[in-house]
1. Out of every Cα pair in the range 4-110, what percent are spaced more than 19 Å from each other?
2. Which whole-number value in Å² is the accessible area per residue of the range 114-269, probe 1.4 Å?
3. Net charge within 14 Å of D220 by Cβ-Cβ distance, Lys/Arg positive one each and Asp/Glu negative one each, not counting D220 itself?
4. Could you check the spin-label model distance between Q77 and R192? Points 7 Å from the Cα along Cα→Cβ, value in nm.
5. Calculate the all-directions average of the projected area of the chain's alpha-carbon convex hull, and give it in nm².
6. Could you do me a favour and compute the accessible area per residue for the range 15-60, 1.4 Å probe, result in Å²?
7. Lys and Arg at +1, Asp and Glu at -1: add these up for the other residues within a Cβ distance under 14 Å of A32 and post the number.
8. Points 7 angstrom from Cα along the Cβ direction at E136 and N161: gap in nanometres?
Amino acid sequence: MVGLDDVFGDLFASVDSVVLFSPSGSYYERFAAVDDLDVVVVGTENAVGAETFVELPLEFEEITDRIRFGLEGALEQGVVEDGDALACATSVFSDEIDTVSRVRADAETQTGIYDLFVKSRADPEVVKAVLELAIELGKKGQKGKPVGALFIVGDAGKVMNKSRPLSYNPFEKSHVHVGDPIVNVMLKEFSRLDGAFIISDAGKIVSAYRYLEPSAEGVDIPKGLGARHMAGGAITRDTNAIAIVLSESDGLVRAFKAGELILEVDPEAY
Ligand SMILES: Nc1ncnc2c1ncn2[C@@H]1O[C@H](COP(=O)(O)OP(=O)(O)OP(=O)(O)O)[C@@H](O)[C@H]1O
Ligand SMILES: [Mn+2]
């Protein structure tokens, strides 16, 4: 007799580790009790107090993104190794884990998203707050109309030296930080205006209305995009800042680091 286990069992036969994406406590406990099994928990927070945990900046809606970015962090932290066979368990159709994917960890297909958060000059919380703000702005627009916005995060002194004001800086004497609810309202209001927001490593809004003049040559940007993305990408080659860009024309949020496009997300998916 051949049972279903014989067939589906191949999915998790001789895996090096099990990777659980945002498991519930009781689900995690059941795995923790299995002998000789390496369990890695991935999620936006370590709600189950797992010994081995990899933090995701966002709960990626697309399962392929979620697994890819989770494994990138796991490789980066050295909790899985290149070539490891992994059983990745996550939820797709419900809040509970309902799906298992067998995936091989591949160090060569790193996108750099994990680096974007963990190895940027700016505080990971600041990067995350700006990314969330851009996604929210992309979802809602400004009074129902699509808006674009450009945020340059980290290495602010150098970025200020490679840019100039388009108008008076409304943040001149203020000491406000991204993530404060009131500041997010202000940033959304000001997103109608031209130019870039400059944000420090610690999240202080240094300036709005900055026109970027990077000395780096142009960078590769997706077709159909123009000056905002070009300037945002290029300044990250010139400085240790990252750029988070919301496109008015296609509605996507993109992140650049060291002149490379690292991340592309559709706000509608969040
Ligand atoms: N060098 C720059 N520094 C700061 N802001 C800029 C710069 N160049 C353009 N922008 C801003 O980007 C806006 C849109 O420009 P443009 O349409 O060329 O960019 P884009 O990359 O196509 O972005 P979108 O997809 O939002 O249209 C401009 O109105 C201006 O506010
Ligand atoms: Mn444009």
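1. Working: 2185 of 5671 pairs.
Distances greater than 19 Å cover 39 percent of the Cα pairs.
2. 46 Å²
3. Counting the neighbours of D220, the net charge comes to +1.
4. In this crude label model, Q77 to R192 measures out at 4.3 nm.
5. That works out to 16.5 nm².
6. 51 Å²
7. Residues close to A32 contribute a combined charge of -4.
8. 3.4 nm
The values are calculated or read from the model by the stated rules, or taken from the named source; none is laboratory data. Everything quoted here is computed from the prediction, not taken from an experiment. In this analysis, Cβ positions are derived from the backbone assuming ideal geometry, glycine residues included, and neighbour counts consider all displayed protein chains. Note: areas computed on protein heavy atoms with side chains; ligands, DNA, RNA excluded. Shrake-Rupley method; radii C 1.70, N 1.55, O 1.52, S 1.80 Å.
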